[in-house]
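> Take a look at this one; I'll ask things after.
FYI, it's all coordinate maths here, none of it is from the lab. Keep in mind the model is a prediction, meaning the values are calculated, not measured. A quick note on method: Cβ atoms are made from the backbone with ideal geometry, for glycine too, and the neighbour counts reach across all protein chains shown.
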Amino acid sequence: MINTNEIMDTIHMIDQQHLDVRTITMGISLLDCADANADTACRKIYDKICRKAEHLVRTGCDIEREFGIPIVHKRISVTPIALVAGASEAEDYVPFAAALDRAAQTCGVNFIGGFSALVQKGFTPGDRRLIAAIPEALATTELVCSSVNVGSTKAGINMDAVAQMGQTIKKCAELTKERGGFGCAKLVVFCNAVEDNPFMAGAFHGVGEGDCVINVGVSGPGVVYHALQSVKGRPFDDVAETIKKTAFRITRMGQLVAQEASRRLDVPFGIVDLSLAPTPAVGDSVARILEEMGLEVCGTHGTTAALALLNDAVKKGGVMASSHVGGLSGAFIPVSEDEGMIAAARSGALQLDKLEVMTCVCSVGLDMIAVPGDTSAETISAIIADETAIGMVNTKTTAVRIIPAPGKQVGDTVEFGGLLGSAPVMPVHSFSSEAFVHRGGRIPAPMQSLKN
Amino acid sequence: MTRAIVTVLGKDRVGIMSFACTLLAQHNINILDISQTILQDYFTMVMLVDATGCDLPFAELATLLENQGKTRDLAIHIQREDLFNAMHRI
């Protein structure tokens, strides 16, 4: 029998350190739902999703109960809708979002991702219509998440798309102003978006994927934080080793859940995403891990180095524990969803500029950041351009999920509730980037793209 | 064979082991191994069981044990053994 201490370790991880599987996400291809008639396409989309994901939530709950591991979310990602809807004669793509929303409600999942377009090099008419529909789609649906890929290492940055996304984000905030600009929390602007990401709001089912696949996203900042308390004051070598060992165990659990879900649903297993995803609960924070390494507050000097170590050690520990690793895989730093980040931002220690630097060394990017409601669309576009450039040059995924909170000023707080938490409004630079954003065109792909 | 780990945690008092074992026996669950200690007045018992012949679906059994445990201020969990093997063995 397994040693009692090991068993109790696992029980404590789950009961006291918030260990959970963050999400089981079923990726479903909708390429075969394209139709010249938009109503027919929407019906095919609804039917296919409901057919494939019929047992997803129930299976997730069964696994949760049998293994005693909380599985926080059961979700669905689909083929970028711009590709599917592009085949139709429809001008307005909002009904496609409504079809996704209905399907998600029927299946009982809590988010569906894929109201998306990939425009890193240029727009098709379908891409343009989809982007135009995003604000209304996110305001009139509850569970639909949207993402737009505006740059990649291979293609460079589509600055026309960057300019347009600034406007789109402003419009999203405006249409959902009575909920603090909630629509923006469901919209991600990417560089180097991945095709198998199980995490929302940026999940979509890439065209290189099969018909249906199960991807799992693990979590566990609380477990890493707790483990680090046993190496207080010791050199970084010990810190890295401790994180690796912990990440290994967390990932093995994720792999087990992924295989079990794949077997029971008779759907191929895709990947495990090795991400430390925080929640607003006390004791489940990535910021507190960085502080445990010796920083007074997350955001002070040393934060980037601490995050780099954490991100790398999580991957090294996790990669051996899973047969296929993918998705975003790294530490997330969503401000509103992390209790320690919220506290650091409130105290003024954590600024937007520092967050941007931190995204150079960790998974994803400027995530769940609230800025004043009067921030201009051009400033938001310029923030997106900076973040996209980091991703493009460093051959990594970066993203922006930013909320220009309507009517709010620096010092105010926007409450989203639940796992989306609450975001202290952070200041942006007051100097204009207007002329820069209005140039349009494309920023050419960097030398890093020429690897052949 | 459906092997599972049952853990029973709570403040020590008379009859905990008998309570837990009776509960398992009522549902035709065979105990394969038991380890039990008292840590700072806390009763900690870990059992390896075979739930193949159990008269309830596993998820229902888990809920039942949890609820029955609560009536005596005990935290009783049952989890499939695979979880612990995955997390602690290469």
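> Once you have a ≥ b ≥ c as the square roots of the Cα gyration tensor eigenvalues for region A:46-125, tell me rounded if a/c is under 1.5, and otherwise prolate or oblate according to whether a/b is larger than b/c.
prolate
> Could you sort out which of A:K315/A:K396; A:K154/A:K451; A:K245/A:K354; A:K171/A:K408; A:K121/A:K171; A:K186/A:K315 sit more than 18 Å apart by Cα distance in this structure?
Listed pairs above 18 Å: A:K245/A:K354; A:K121/A:K171; A:K186/A:K315.
> Restrict the search to region A:223-303; then list the GluC sites (Glu not before Pro) that DSSP places in a loop and that have at most 14 other Cβ atoms within 10 Å of their Cβ.
Numbers: sites: A:E241, A:E260, A:E291, A:E292, A:E296; in loops: A:E296.
Those satisfying the criteria are A:E296.
> Looking at region A:123-204, what % of the alpha carbon pairs are farther apart than 20 Å?
Of all Cα-Cα pairs in region A:123-204, 32 percent lie more than 20 Å apart.
> On to the next question. Quick one: longest stretch of chain A between exposed loop trypsin sites (Lys or Arg not before Pro), exposed meaning at most 11 other C-beta atoms within 10 Å and loop per DSSP?
Between the exposed loop sites, the longest stretch runs A:1-231.
> Tell me, what HN-Hα J-couplings in whole Hz come from the Karplus equation 6.51 cos²θ - 1.76 cosθ + 1.60 at θ = phi - 60° for each residue of region B:34-40, using x for Gly and Pro?
9, 9, 9, 9, 10, 10, 6
> Right, here's the next one. Please state the Cα pair-distance histogram of region A:217-345 with 10 angstrom bins from zero: what percent is in each bin?
Going from the shortest bin to the longest, the percentages are 14, 44, 30, 10, 2.
> If you average the C-alpha positions of region A:421-439 and of region A:350-399 separately, how far apart do those two centres end up, in angstrom?
Spelled out, the Cα-based centre of one part sits 10 Å from the other.
> If the cut-off is 19 Å between C-alpha atoms, which aspartates and glutamates fall inside it for A:K44, apart from same-chain ones fewer than 8 positions away?
Qualifying aspartates and glutamates at Cα under 19 Å: A:D32, A:D35, A:E54, A:E89, A:E91, A:D92, A:D101, A:D211.
> Provide the net charge surrounding A:V216, with neighbours chosen by a C-beta distance below 9 Å and charges set as Lys +1, Arg +1, Asp -1, Glu -1.
On the way: positive: A:R22; negative: A:D273.
The answer is 0.
> Taking 0.36 nm per residue of sequence separation and subtracting the Cα-Cα distance, how much length would be gained by fully extending the chain between A:D211 and A:V282, in nm to one decimal?
This chain segment gains 21.7 nm when fully extended.
> Under the Karplus relation 6.51 cos²θ - 1.76 cosθ + 1.60, θ = phi - 60°, what is the ordered set of whole-Hz ³J(HN,Hα) values for region A:90-107, x standing for Gly and Pro?
These are the phi-based 3J(HN,Hα) values: 5, 8, 9, 9, 4, x, 5, 5, 5, 5, 4, 4, 4, 4, 5, 5, 4, 6 Hz.
> How big is the gap, in Å, between the Cα center of region B:44-86 and the Cα center of region A:1-65?
Their Cα centres are 24 Å away from one another.
> Tell me which of A:M341, A:I169, A:M320 sits at the most positive position along the dipole axis of chain A, charges placed on C-beta atoms (Lys, Arg +1; Asp, Glu -1).
Selected residue: A:M320.
> Right, here's the next one. Which whole-Hz ³J(HN,Hα) couplings does region B:60-76 yield from phi under the Karplus relation 6.51 cos²θ - 1.76 cosθ + 1.60, θ = phi - 60°, glycine and proline marked x?
Each residue's phi maps through the Karplus curve to give 5, 4, 4, 5, 4, 4, 4, 5, 4, x, 4, 5, 10, 6, 10, 9, 10 Hz.
> Taking a quarter of the surface of the convex hull around the Cα atoms of region A:220-270, what do you get in nm²?
4.0 nm²
> What residue among B:T63, B:T22, B:T71 shows peak mean-square fluctuation when chain B is described by a Gaussian network model with Cα springs under 10 Å?
The residue that fluctuates most here is B:T71.
> From the alpha carbon gyration tensor of the protein assembly as shown, can you work out the equivalent ellipsoid semi-axes (sqrt of 5 times each eigenvalue) and give them in Å, largest to smallest?
On the way: eigenvalues 351, 154, 79 Å².
Ellipsoid half-lengths, sorted descending, are 42, 28, 20 Å.
> Here's something else I'd like to know. How much net charge surrounds A:A349 when only other residues with a Cβ under 14 Å from its Cβ are counted (Lys, Arg +1; Asp, Glu -1)? Display every interim value, and only then the final one.
Numbers: positive: A:R288, A:R346, A:K354; negative: A:E291, A:E296, A:D338, A:D353.
Summing Lys and Arg as +1 and Asp and Glu as -1 gives -1.
> Also, I was wondering about something else. Within straight cross-link reach of B:K11, meaning Cα distance under 27 Å, which lysines are found once same-chain residues fewer than 8 apart are removed?
By straight Cα distance, B:K11 reaches B:K70.
> If you don't mind, another one. So if I place +1 on the C-beta of Lys and Arg and -1 on the C-beta of Asp and Glu, and nothing else carries charge, what would the dipole magnitude of region B:41-89 be about its Cα centre? I want it in debye, nearest 20.
100 debye
> Let me ask you something else. Size of the dipole of region A:75-189 about the Cα centre, Lys and Arg at +1 and Asp and Glu at -1 on the beta carbon, nothing else charged, in debye to 20? Mind dumping the intermediate values first?
Working: 11 positive and 10 negative charges, 72 e Å.
Once rounded to the nearest 20, the dipole reads 340 debye.
> Another question, then. Once amide H atoms are placed 1.01 Å from N in the peptide plane, what residues at a sequence separation of 5 or more from A:L276, or on another chain, have their amide H within under 5 Å of its amide H?
A:G330, A:A331, A:F332
> Taking trypsin sites (Lys or Arg not before Pro) as exposed when DSSP calls them loop (any state but H, G, I, E, B) and at most 13 other Cβ atoms lie within 10 Å, what is the longest stretch of chain B free of them, the sites themselves excluded? Write down the numbers at each step before the final one.
Numbers: sites that count: B:R13, B:R89.
Longest run free of exposed loop sites: B:14-88.
> Please label the shape of region A:400-452 as rounded, prolate or oblate, based on the square roots a ≥ b ≥ c of the eigenvalues of the alpha-carbon gyration tensor (a/c under 1.5 means rounded; beyond that, a/b larger than b/c means prolate, else oblate). Walk me through the intermediate numbers first.
Values: a/c = 3.69, a/b = 1.78, b/c = 2.07.
Here region A:400-452 falls in the oblate category.
> Give me the net charge for the shell around A:A240: Cβ to Cβ below 11 angstrom, other residues only, Lys and Arg +1, Asp and Glu -1.
Numbers: positive: A:R234, A:K244, A:K245, A:K316; negative: A:D237, A:D238, A:E241, A:D312.
Here the charged neighbours net out to 0.
> Counting pairs of Cα atoms in region A:68-114, how many percent are more than 18 Å apart?
Considering region A:68-114, 38 percent of its Cα-Cα pairs are separated by more than 18 Å.
> Explain nothing, just the number: dipole magnitude of chain A about its Cα centre with +1 on each Lys and Arg Cβ and -1 on each Asp and Glu Cβ, in debye rounded to the nearest 20.
Approximately 560 debye in magnitude.
> Additional query: Give, to the nearest whole percent, the P(r) tail of region A:78-237 beyond 24 angstrom, counting all Cα pairs.
Beyond 24 Å sits 38 percent of the P(r) for region A:78-237.
> Right, next: Diagonalise the Cα gyration tensor of chain B and give the resulting equivalent ellipsoid semi-axes, square root of 5 times each eigenvalue, largest first, whole Å. Present the calculation step by step, with values, prior to reporting the outcome.
Values: eigenvalues 81, 56, 26 Å².
Each semi-axis is the square root of five times an eigenvalue, giving 20, 17, 11 Å.
> So, one more: Could you quote the convex hull projected area for region A:323-452, Cα atoms only and averaged over all directions, in nm²?
Details: hull surface 40.6 nm².
In nm², the orientation-averaged hull projection of region A:323-452 is 10.2.
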